[in-house]
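First up is the structure itself, then whatever we jot down about it.
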Amino acid sequence: LGHVHKVVQALRDEEYVQQSGEGLRLRKPEPLLREWARNYRFERNRARRFFSLLRSGPLEAKLAEVINEVESQPHCEAAFASFTAAGRIAPYVRQNRVWLYLQGDFSPVSQRLELKEVPSGENVVVWEPYDEGVFYQGERYPDGGIATGAVQTYLDVNASGGQGNEAAEKILERVLRQKWGGA
């Protein structure tokens, strides 16, 4: 509780939030998101790299099926991440890799898709998140699978640098500002 109090106080001091009778209200979502992105430590996620003979479209479709299965297992969560999630949220950058967050046992996924772990040349990157918050507000898509929410996807692609910064700005422009009412 003490830590929560300190966080809320810091948000108030920076005028990101406003206290009312109904609780806290976010006043400046975009500056807060940019500050979060500057302090985001993406490298804390544990990455595993795999190679599949499937091309990215069919591979993503198969992974969507597997994500749905993983989600039904206790203590397991999975979601498309980074550029794969961005491609579903606000398409801008094409990638030949499929990115995925997975918490739980990965062996059924790798066995079913016949993925081979490799030191380089991967077309599947699986991150074991250091914080399960990456799954917060994930979105299920009609064609299958779940993608990280827009805020998490913004943070992940922004952290990758290069075209990731441009992809992050497209997510901000096309999705987040709309949700925030043009903030």
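Here are some notes:
- Each residue of the range 21-33 was assigned a 3J(HN,Hα) from its phi angle through the Karplus expression (A = 6.51, B = -1.76, C = 1.60, θ = phi - 60°), giving x, 8, x, 8, 10, 6, 9, 10, x, 5, x, 5, 4 Hz with x at Gly and Pro.
- Zone of Lys179's modelled label, taken as backbone nitrogen in the range 79-109 under 15 Å from a point 7 Å along Cα→Cβ: 80-82, 85-91
- Ordered from highest to lowest accessible area with the whole protein assembly present and a 1.4 Å probe, Asp143, Asp105 read as Asp143, Asp105.
- Couplings for the range 115-123, taken from phi via the Karplus curve 6.51 cos²θ - 1.76 cosθ + 1.60 with θ = phi - 60°, read 7, 10, 5, 9, x, 7, x, 6, 10 Hz in order; Gly and Pro are left as x.
- If only the Cβ of Lys and Arg carry +1 and only the Cβ of Asp and Glu carry -1, the dipole of the chain around its Cα centre is close to 380 debye.
- When GluC sites (Glu not before Pro) are flagged only if DSSP places them in a loop and at most 15 other Cβ atoms lie within 10 Å, the longest unflagged stretch of the chain comes out as 23-113.
- Residue separation of Asn96 and His5 scaled by 0.36 nm, minus their Cα-Cα distance, works out to 28.4 nm of gained length.
- Shown for the range 1-79: the carbon plus sulfur share of the solvent-accessible area, taken with all protein chains present and a 1.4 angstrom probe, equals 51%.
- Toward the positive end of the charge dipole of the chain, with +1 on the Cβ of Lys and Arg and -1 on the Cβ of Asp and Glu, the farthest Cα among Gln137, Ser160, Phe42 is that of Ser160.
- Global geometry of the range 58-162, whether rounded, prolate or oblate, following the gyration tensor of its Cα atoms and the 1.5 cut on a/c: rounded
- For the chain, the normalised intensity computed at q = 0.08, 0.09, 0.11, 0.12 Å⁻¹ comes to -0.28, -0.35, -0.52, -0.61 (log10 of I(q)/I(0), Debye sum over alpha carbons, equal scatterers, no solvent).
- Lys pairs, the chain - Cα-Cα below 28 angstrom, 8 or more residues apart or on other chains: 7
- Most to least accessible of Leu155, Leu54 (protein chains only, probe 1.4 Å): Leu54, Leu155
- Only protein heavy atoms count here; on that basis, with a 1.4 Å probe, Ser72 has an accessible area of about 90 Å².
- Among the trypsin sites (Lys or Arg not before Pro) in the range 56-121, those located in a DSSP loop and surrounded by at most 13 other Cβ atoms within 10 Å of their own Cβ are Arg94.
The values are calculated or read from the model by the stated rules, or taken from the named source; none is laboratory data. If you're wondering where the values come from, they're calculated on a predicted model, not measured in any experiment. For neighbour counting, all protein chains shown are included, and Cβ atoms are generated from backbone atoms with ideal geometry for every residue, glycine included. In case anyone asks, the SASA skips ligands and DNA or RNA and just uses the protein heavy atoms, side chains included. Shrake-Rupley method; radii C 1.70, N 1.55, O 1.52, S 1.80 Å.
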